[in-house]
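Contents: one structure, followed by commentary.
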Amino acid sequence: MTANKVIKILGGWEGYRVATVGPSSTSPSKEEREIWVELVPEGRKGICGECGRGCTRVHDTSERWIRELPVFGQPCLLLVHRRRVWCGHCNGPKLERLSWLEPWARHTSRFAKSVARLCKVATHKHVAAEYKIDRKTVKTIDKRYLEETIPPADLSNVRVLAMDEFAIQKGHRYATVIIEPKRKEVLWIGRGRGREDIRPFFDLLGEEGRARIEAVAMDMNGAYAHEVKAQCPQAKIVYDLFHVVVKYGREVIDRVRVDEANRLKDNKAARKVVKGSRWLLLRNAKNLARHQDRVRLKELLAANRKLATVYILKDDLKHLWDYSYPGAAERFWKQWYNRAIRSRIEPLKAFAKKVKGYIEGVLSHCLYPLHTSLLEGINNKIKVIKRMAYGYRDDDYFFLKIRQAFPGIGS
């Protein structure tokens with residue numbers, strides 16, 4: 001068996017044979033020297049790229065340089081004698097169909113697949129350096145691969161949803177991600193976080209799909225809730241623990257801490273202790289690993305009644321999500337609400353009154369124990385994807401990368 005036949009078998013260039021093999025003489029060093037392989041058609045019969053019929057007449061042939069996978073660590077180029085066949089059915093010249101080369105592509109199909117696979121774990125910059133191609137080419141290859149391999153989300157049997165926002169750019173620009181929490185699958189991503197921004201998802205669901213939705217987990221975003229109620233009036237809104245506690249920390253603990261620090265402006269030592277206590281107050285006591293942190297927290301709560309009150313009520317509020325019976329959960333909420341109102345701490349009273357307007361969605365957790373912690377994990381992964389590319393200017397490509405990262409359990 002000749003060397004050219006061995007190369008042809010290894011290359012798998014169906015319909016073409018190896019005419020010449022050689023190194024490039026233009027590269028300055030042996031390490032950067034490219035290997036080139038000249039491929040010429042075997043026989044006169046070709047397949048029409050338009051209709052797929054066999055054709056025996058060749059209209060013309062042109063030379064085209066095609067990027068192939070590296071050979072023994074050296075870049076490889078193919079000099080392909082590309083044909084246009086005359087198709088009687090299409091009544092004109094058509095580019096020949098090849099299994100290993102897409103029409104008008106400047107790289108083989110397996111080269112593109114290899115680039116796309118590496119893009120899952122590496123930045124465009126590193127992939128471009130590895131294959132010695134332009135970063136724009138890497139992005140074009142990867143986007144096309146994702147468009148061809150990621151199918152539309154299956155919305156045929158979706159009954160529960162979870163939705164959340166994430167920052168897509170600086171300047172308070174956001175996008176919304178919607179998932180199926182049981183399958184852990186990203187169903188849809190769209191720019192914006194308003195009612196009209198998420199409406200296209202419900203249009204995709206259709207009338208039957210909207211009627212199937214039983215519950216939707218979300219944060220206290222009024223736009224989300226109003227649109228869900230308009231589109232799926234039978235669905236229960238479920239507000240999760242994470243967002244309520246985060247809101248409590250920002251609107252109650254931070255506000256009370258700042259007010260107490262301002263009240264102690266004449267006592268610099270005490271004021272410094274209160275101002276520096278933010279993370280002690282926001283974290284759970286059981287998560288304080290260091291003994292000195294636990295001691296500091298105990299001393300702080302003993303010295304300041306208001307901070308002790310809001311800290312204790314923060315921990316008590318979390319128990320609301322431990323209930324599985326709505327009646328018991330409602331009784332617990334009423335007790336907590338009365339304690340908050342009687343505290344005479346204005347930020348705490350304002351927060352309690354605000355949550356009271358959302359309490360139906362909080363109590364829905366008893367029937368549908370959904371939460372958006374999975375979405376928070378997805379948001380963290382989205383940040384990693386965004387950092388790897390130093391940001392995305394192409395929304396469609398960015399959203400495809402997110403769906404690739406979260407195909408769902410069993411996909």
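A short reminder: the numbers here are calculations on the coordinates, not readings from a lab. Note that this is a predicted model, so its numbers are computed, not measured. Cβ: placed from backbone, ideal geometry, glycine included. Neighbour counts: every protein chain shown.
In table form, for the structure just shown:
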item: Calculated [θ] (222 nm, deg cm²/dmol) that DSSP helices of n ≥ 4 give over the chain, each run adding -39,500 (n - 2.57); result: -14000 deg cm²/dmol
item: Mean Cα-pair separation over length for region 107-149, i.e. relative contact order, pairs under 8 Å, 6 or more apart, %; result: 43 percent
item: Region 131-283 shape via C-alpha gyration tensor axes, a/c threshold 1.5; result: oblate
item: Fewest-first ranking of 72, 202, using other Cβ atoms within 10 Å as the exposure measure; result: 72, 202
item: Links that overshoot a 20 Å alpha carbon limit, given the list 314/353; 265/354; 314/349; result: 265/354
item: Share antiparallel - DSSP beta bridges, the chain, percent rounded to 5; result: 75 percent
item: Nearest-ten-degree value, helix 395-405 long axis tilted from longest Cα axis of the chain; result: 80 degrees
item: Segment residue 279-residue 77, extension gain: residue separation times 0.36 nm, minus the distance between their alpha carbons; result: 66.9 nm
item: Dipole magnitude of the chain about its Cα centre (Cβ charges: Lys, Arg +1; Asp, Glu -1), debye to nearest 20; result: 1640 debye
item: Exposure proxy ranking, count of Cβ atoms within 10 Å, fewest first, for 83, 110; result: 110, 83
item: Cα-based helix-to-principal-axis angle, 109-119 vs the chain, degrees rounded to 10; result: 20 degrees
item: Spherically averaged projected area of region 1-105 from its Cα convex hull (nm²); result: 7.1 nm²
item: Global form of region 91-168, assessed from the alpha-carbon gyration tensor, a/c cut-off 1.5; result: oblate
item: Prolate/oblate/rounded label for region 250-356 (Cα gyration tensor, a/c 1.5); result: oblate
item: Inter-centroid distance (Cα atoms) of region 316-366 relative to region 119-152, Å; result: 49 Å
item: Between helix 291-303 and the chain: long-axis angle, C-alpha atoms, 0 to 90°, nearest 10; result: 40 degrees
item: Selection of chymotrypsin sites (Phe, Trp or Tyr not before Pro), region 376-409, meeting DSSP coil and at most 13 other Cβ within 10 Å; result: 390
item: Peptide ranges 279-285, 37-43, 362-368 listed from the most packed, as the mean C-beta count within 10 angstrom indicates; result: 362-368, 37-43, 279-285
item: Over 30 Å [Cα-Cα, the chain], rounded percent; result: 61 percent
item: Whichever lysines have a C-alpha closer than 28 Å to that of residue 5, once near sequence neighbours (fewer than 8 apart) are set aside; result: 30, 45, 113, 132
item: Equivalent ellipsoid semi-axes, region 107-149, via Cα gyration tensor eigenvalues times 5, rooted, Å; result: 15, 11, 9
item: Per-residue Cβ neighbour rank within 10 angstrom, fewest leading, 102, 196; result: 196, 102
